[in-house]
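Input: a single structure, listed below in structure tokens.
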Amino acid sequence: MRKWVFLCLLFLPFLSSAAEREIRIGLIDTFDQDFYLETFVPTIEHIQKTLKDYKITVVELQQNNLLANVVKERPDFLVSSAGNFVTLISKLGAQQIATVSRNHAYSPKEAVSSVFIVRNDRKDLQKITDLKGRVLSATEPHDFDGMLVGMGEIAARGFDPDTFFSKTLFSHYQYPDVATYVKVGAADVGILGTCQYEKLLTTGQIQPGEFRVLEAKNNTEACIRSTERYPDTVFYALDTAPIDEVKAVSLSLLSMPKGEFDFEWVPASGFLKVYDLMKSLKLGPYEHLRETTVKDFILSHQKELLLAALLLCAILVHVV
């Protein structure tokens, strides 16, 4: 009898630790409600179903002060846009497990894009360059497949995305939304994320012919776009995640079958383009480029400094 009691006591710590093992999955709050319900929730349910020996805890992280929030909440894994993923690679050792693959996308690494919409009666707005100095409406400042990808298109054309528009109105996923701001004339142009334009048409929130997409790319994809394409949402581990947990979550995620929402998680590449995008916007791993040096100041104010120098010379000549 004592022998069995001794064996139970011997293995009790191992049984207890196995039952109490926790996997913390963080969701960076830059997604709309559709993503949460149609992609994130089914994914978490699948992980809970396949990893019954673990306690799955979900933590929501705000985009503002992201690094501090990650340190505070201590997630093992994160789900975020490709933009946040490349930001955290060097800072927190982020390692991709999988990227979302959707039926409507060209490929997982070329799935996310933006569209610029204007009212159809705005004949003065025909090209993206016509938008300089106009009022913009967008969902969120850090919305990757809306705001950031759209601003990347502005930067690619040689403009400063920080000063290109005179004003920006953010809807924050509430009403009035992006299209409504444009419809009532509060904004000249709106930026919509991947397939949002088609969704608004399907649900009847906007009518055919009511809006026009600027510089629509010629393609055979399901959804129209005005910009380049980038990788979809990424599920990744942080450097602090235990190896056993990384293995377990990887196997669970990659074995997840396509469900009623027609998506799956697969390994994907294409993140060098994301680095280029973030560099053009001076965000994420390139935020240090926003620090202005004396050389930067001189280069960006050459005309003003030249005029000041000429004026100073004129004053000195007049005094002499």
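For the range 114-133, the criterion of being surrounded by fewer than 14 Cβ atoms within 10 Å (Cβ to Cβ) and under 18 Å from the mean Cα position of the chain (by Cα) is met by no residue. Do we have Tyr181 as aromatic (Phe, Trp, Tyr) and not in a loop (DSSP other than H, G, I, E, B) here? For Tyr181, the condition - aromatic (Phe, Trp, Tyr) and not in a loop (DSSP other than H, G, I, E, B) - is met. Figure legend. Inter-residue proximity from the range 134-153: first residues within 15 Å of Lys273 (Cβ to Cβ), second residues of a type in the set (D, E, K, R) and open to solvent by 10 Å² or more (accessible area, probe 1.4 Å), beta-carbon distance below 8 Å, spacing 6+ or different chains. Indicated pairs: Val149/Glu228; Gly152/Glu228; Glu153/Glu228.
If you go through the range 73-104 and keep only what is open to solvent by less than 50 Å² (accessible area, probe 1.4 Å), part of a loop (DSSP other than H, G, I, E, B) and out of contact with any strand residue (DSSP E or B) (no Cβ under 8 Å at 6 or more places or on another chain), you end up with just Gly93. Restricted to the range 256-287, and to residues there that are small (Gly, Ala, Ser) and more than 12 Å from Ile97 (Cβ to Cβ), the residue that is nearest to the chain's Cα centre (by Cα) is Gly284. Applying a threshold of 6 Å to beta carbon distances and a minimum spacing of six or more residues, or different chains, the list of pairs starting in the range 105-121 at a residue that is touching a residue at least 12 places away in the same chain (Cβ under 8 Å) and of a type in the set (Phe, Trp, Tyr) and ending at one that is part of a loop (DSSP other than H, G, I, E, B) and open to solvent by 20 Å² or more (accessible area, probe 1.4 Å) reads Tyr106/Glu221.
Residue-wise test of (1) surrounded by 15 or more Cβ atoms within 10 Å (Cβ to Cβ); (2) of a type outside the set (A, V, I, L, M, F, W, C); (3) in a loop (DSSP other than H, G, I, E, B); (4) in contact with a strand residue (DSSP E or B) (Cβ under 6 Å, 6 or more places away or on another chain).
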site: Ala187; (1), (2), (3), (4): yes, no, yes, yes
site: Gly190; (1), (2), (3), (4): yes, yes, no, yes
site: Thr194; (1), (2), (3), (4): yes, yes, yes, yes
site: Lys199; (1), (2), (3), (4): yes, yes, no, no
site: Gly204; (1), (2), (3), (4): no, yes, yes, no
site: Gln207; (1), (2), (3), (4): no, yes, yes, no
site: Thr220; (1), (2), (3), (4): no, yes, yes, no
site: Cys223; (1), (2), (3), (4): yes, no, yes, no
site: Glu228; (1), (2), (3), (4): yes, yes, yes, no
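Against the numbered list (1) within 16 Å of the chain's Cα centre (by Cα); (2) more than 30 Å from Ala179 (Cα to Cα), Leu92 comes up short only at (1). Within the range 45-66, the residues that satisfy the criterion of being within 20 Å of the chain's Cα centre (by Cα) and without any contact (Cβ under 8 Å) to a residue 60 or more places away in the chain are Val58, Val59, Glu60, Leu61, Gln62, Asn64, Asn65, Leu66. Quick check on the range 155-177: of everything there that is more than 19 Å from Lys127 (Cα to Cα) and among the hydrophobic types (A, V, I, L, M, F, W, C), which residue is most open to solvent (accessible area, probe 1.4 Å)? The selected residue is Phe170.
Here the range 230-244 is the region considered, the condition is being out of contact with any strand residue (DSSP E or B) (no Cβ under 8 Å at 6 or more places or on another chain) and assigned to a loop (DSSP other than H, G, I, E, B), and the residue that is least open to solvent (accessible area, probe 1.4 Å) is Pro242. Selection of the range 143-169 for residues being farther than 14 Å from Val189 by Cβ and touching an Asp or Glu at 6+ places or on another chain (Cβ under 9 Å) yields Asp143, Asp145, Val149, Gly152, Ala156. Number of residues in the range 207-238 that are farther than 25 Å from Lys91 by Cβ, among the hydroxyl-bearing types (Ser, Thr, Tyr) and modelled with pLDDT of 95 or more: the value is 2. Taken together, the residues in the range 71-104 that are over 17 Å from Pro285 (Cα atoms) and either among the hydrophobic types (A, V, I, L, M, F, W, C) or free of Cβ contacts under 8 Å to residues at least 60 places away in the same chain (or both) amount to 9.
Within the range 136-146, if we keep just the residues that are surrounded by 24 or more Cβ atoms within 10 Å (Cβ to Cβ) and outside any strand (DSSP E or B), the residue that is farthest from the chain's Cα centre (by Cα) turns out to be Gly146.
The values are calculated or read from the model by the stated rules, or taken from the named source; none is laboratory data. Quick caveat, the model's predicted, so the values are computed rather than measured. All Cβ positions, glycine included, derive from the backbone under ideal geometry; neighbour counts span all protein chains shown. In case anyone asks, the SASA skips ligands and DNA or RNA and just uses the protein heavy atoms, side chains included. Shrake-Rupley method; radii C 1.70, N 1.55, O 1.52, S 1.80 Å.
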